[in-house]
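Supplied in structure tokens, the structure appears directly below.
The values are calculated or read from the model by the stated rules, or taken from the named source; none is laboratory data. Nothing here was measured: the structure is a model prediction, and the numbers come from that model. As a convention, Cβ positions derive from the backbone with ideal geometry for all residues, glycine included, and neighbour counts pool all protein chains shown.
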Amino acid sequence: MYKRVLLKISGEALAAGRGFGIDAIFVSRVASEIVQLANNGSQVAVVVGGGNFFRGVAEQAIHMDRVAADHMGMLSTVINAIAMQDAIEKLGIQCRVMSAIEMHEVAEPYIRRRAIRHLEKGRVVIFGAGTGNPYFSTDTAAALRAMEIRADVLLKATSVEGIFSADPKKDPDATMFQTITYMDIIKMGLRVMDTSAVSLCNDNNMPMVIFSMREEGNIVRVVSGEKLGTLVTS
């Protein structure tokens, strides 16, 4: 259904419940789904978070300068990007890591036209280091990169099935939305992603699907058009 997609994966997801570090088995599972998409003809870009190592707004950074803490968080995303790249290339698909912070020995610098060219050649592209700027989350980076590469859809893989009216872990009466608008997310104060990312997607008519990645195969199902999770539109 979607020719070019941008997949946002949180760092916490890569830890697979461990809280810290990388679960190699889980990373391999996600990599196999990405490779399956590439083999099916989809162009796949990925933005990874870094919360499994360090987050600039976490308690561990409470006494740190925000800019320094955010830079540490950006470097954490590059660690995850390299791990994902290794897992994908072991399955036979070429993959490029592009970093918003220049580190030539381990990643290419992010250049929009080069990223699009990689996608056109069938390579998977992983964007690391967020936007390269402090005070912006990887959610905002995912929204920005999705629009820069002209993705058909932004996919956000989470630990829950979609967007709920309340936290389903705390409120048993919470109901899941099949579809919702970005403005409704803002009005209802739903903590789906950063407000800046929501506004960016809304202003540029970028559709987004939020779905659970707990079940194996869900990434492929969403891209193929199966109705999973919550569809967010302008």
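All but one of (1) hydroxyl-bearing (S, T, Y); (2) more than 18 Å from L6 (Cβ to Cβ); (3) surrounded by 13 or more Cβ atoms within 10 Å (Cβ to Cβ) hold for T175; which doesn't?
In the conditions (1) hydroxyl-bearing (S, T, Y); (2) more than 18 Å from L6 (Cβ to Cβ); (3) surrounded by 13 or more Cβ atoms within 10 Å (Cβ to Cβ), T175 misses (3) alone.
Restricting attention to the range 1-27, report how many residues are touching a residue at least 40 places away in the same chain (Cβ under 8 Å), within 20 Å of M193 (Cα to Cα) and assigned to a helix (DSSP H, G or I).
Total satisfying the criteria: 4.
Out of all the residues in the range 130-145, is one or more under 22 Å from A15 (Cα atoms), surrounded by 14 or more Cβ atoms within 10 Å (Cβ to Cβ) and touching a His at 6+ places or on another chain (Cβ under 9 Å)?
Within the range 130-145, not a single residue is under 22 Å from A15 (Cα atoms), surrounded by 14 or more Cβ atoms within 10 Å (Cβ to Cβ) and touching a His at 6+ places or on another chain (Cβ under 9 Å).
While we're on this one: Just for strands (runs of 3 or more DSSP E) wholly inside the range 118-234: which have at least 1 residues that are out of contact with any helix residue (DSSP H, G or I) (no Cβ under 6 Å at 6 or more places or on another chain)? Give the steps one after another, and end with the answer.
Numbers: elements: 124-128, 153-158, 179-181, 208-212, 230-233.
Qualifying strands (runs of 3 or more DSSP E): 153-158, 179-181, 208-212, 230-233.
Of the numbered conditions (1) over 23 Å from H71 (Cα atoms); (2) among the basic types (K, R); (3) in contact with a Ser or Thr (Cβ under 9 Å, 6 or more places away or on another chain), R145 satisfies every one except a single condition; which is it?
Failed condition: (1).
Further question on the same structure: Just need a number here: residues in the range 33-75 that are farther than 17 Å from R96 by Cα and of a type in the set (G, A, S).
Looking only at that region, the number is 9.
If you don't mind, there's one more thing I want to ask. Does L14 meet the test of being modelled with pLDDT of 95 or more and closer than 22 Å to V97 by Cβ?
When the stated conditions are applied, L14 does not pass them.
Quick one: P109 ticks every box in (1) farther than 30 Å from E216 by Cβ; (2) surrounded by 19 or more Cβ atoms within 10 Å (Cβ to Cβ); (3) touching an Asp or Glu at 6+ places or on another chain (Cβ under 9 Å); (4) modelled with pLDDT of 95 or more bar one, so which box is it?
With respect to (1) farther than 30 Å from E216 by Cβ; (2) surrounded by 19 or more Cβ atoms within 10 Å (Cβ to Cβ); (3) touching an Asp or Glu at 6+ places or on another chain (Cβ under 9 Å); (4) modelled with pLDDT of 95 or more, P109 is out only on (2).
What's the total number of residues in the range 41-71 that are out of contact with any helix residue (DSSP H, G or I) (no Cβ under 7 Å at 6 or more places or on another chain) and either within 21 Å of E148 (Cβ to Cβ) or surrounded by fewer than 17 Cβ atoms within 10 Å (Cβ to Cβ) (or both)?
Count: 13.
Now for a different question. Listed residues V192, V153; which is modelled with pLDDT under 95 and either buried (at least 17 other Cβ atoms within 10 Å of the Cβ) or under 13 Å from the mean Cα position of the chain (by Cα) (or both)?
V192
Same structure again: Looking at the range 139-154, can you tell me whether even one residue there is among the basic types (K, R) and closer than 22 Å to E33 by Cβ?
Yes, some residue in the range 139-154 is among the basic types (K, R) and closer than 22 Å to E33 by Cβ.
Which of the residues spanning the range 77-106 are farther than 14 Å from V27 by Cβ and in contact with a Phe, Trp or Tyr (Cβ under 7 Å, 6 or more places away or on another chain)?
Result: M98, S99, A100.
Then there is this: Looking at R55 and the list (1) charged (D, E, K, R); (2) in contact with a Gly (Cβ under 6 Å, 6 or more places away or on another chain); (3) in a helix (DSSP H, G or I), which single condition is not satisfied?
The number of the failed condition is (3).
Yes/no matrix, rows are residues, columns are (1) of a type in the set (A, V, I, L, M, F, W, C); (2) at pLDDT below 90; (3) not in a helix (DSSP H, G or I):
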| residue | (1), (2), (3) |
| --- | --- |
| G51 | no, yes, yes |
| Q60 | no, yes, no |
| V67 | yes, no, no |
| L75 | yes, no, no |
| M84 | yes, no, no |
| I88 | yes, no, no |
| I93 | yes, no, yes |
